[in-house]
Every structure is written in C-alpha cells, then in structure tokens.
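Structure first, then comments.
Every read-out reported here was derived from the displayed coordinates using simple, explicitly stated rules and does not represent laboratory data. Every value quoted in this text rests on a predicted model; they were computed, and no experiment measured them. All Cβ positions, glycine included, derive from the backbone under ideal geometry; neighbour counts span all protein chains shown.
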Amino acid sequence: MHIKYNAWLWILLVMFLLNSTIVTAVAEKEDIKKELAFSAAIEWLNLIDNEKFFESWERAAPIFKDSVDNQTWHNSLKHTSLIFGKVLSREIISQEYETTLPGAPDGEYFIMQFKTSFEKKEEAIETIVPMLDKDGLWKVSGYYIK
C-alpha cells in the first residue's frame, strides 16, 4: 500500500511540474508578443513624432491602409500636429490583448493607451492598436487621440 501511495505522489508531482512548465511557456510567449507589439507601436509613434507621416502610413497594417489613403492620413496628422504641437512626454497606462474587435477581422491585437503631453495640450490619451499581420510582424491597425 505504501508503494502505491508513493507512486501516486510521484505521478501527481510530475503532472504538477509538467503543468507548471506549460503555463510558464504560455506566459513567456504572451510576454514576447506584448514586447514585440509594444516595440512596433513605439517605432510607429516615433515616425509620427518626427513628422514622417507618409512612412507611418506605409508601415501600418493593411486594414489601416484600407480605411484611409496616404494623403488624407498625412493631411490629418499635419493638422493635428499644428493643433497639439510636439510630443513632450508619453507614458503607457494600459495594454490589453484581444482577438476580436468591433469592425475588425478576428486576429491578435493589443489595445495600448498612453498618457501623452503635447506642447499645446497638456494631457491627452493616445490609443494605438497594433495587430499581428499575415507576414508575422506587428503593425498598427488603429490610432486615436482623445
């Protein structure tokens, strides 16, 4: 009886260790996705901060490009930069993973919000939505300032 009890303890221990390993691996994969999406968002925001509006459109996700043409995007950002001025600071305040969003195809998205200070607007909330594109890269699919 004692041997069977010890065998069950070993089986439970092995199952626990395997489960812990799987959970850790999944968490690490999610962290990597989060880091890659965040890096893509920051790189893209830097293009806007440096008034590389046409290039920001070129690097956006296809769903973004389908919703606004390059010239309209450029004009919109030029107008916004005149109203708000240059970015003084930007701090991430939330980052949420989603697989479905209203009006968008199912996929992998992060909704990121930044508290941003501009020259002419002390506090604004920037929302940026990177998505995992078919080519395996994270690209911005949405951007809003409130």
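Here are a few things to note about the model shown:
- Whichever residue in the range 27-84 is more than 19 Å from the chain's Cα centre (by Cα) and basic (K, R) and, among such residues, is nearest to E98 (Cα to Cα): K52
- Scan of the range 57-83 for residues that are acidic (D, E) and touching a helix residue (DSSP H, G or I) at 6+ places or on another chain (Cβ under 9 Å), ordered by number: E58, D69
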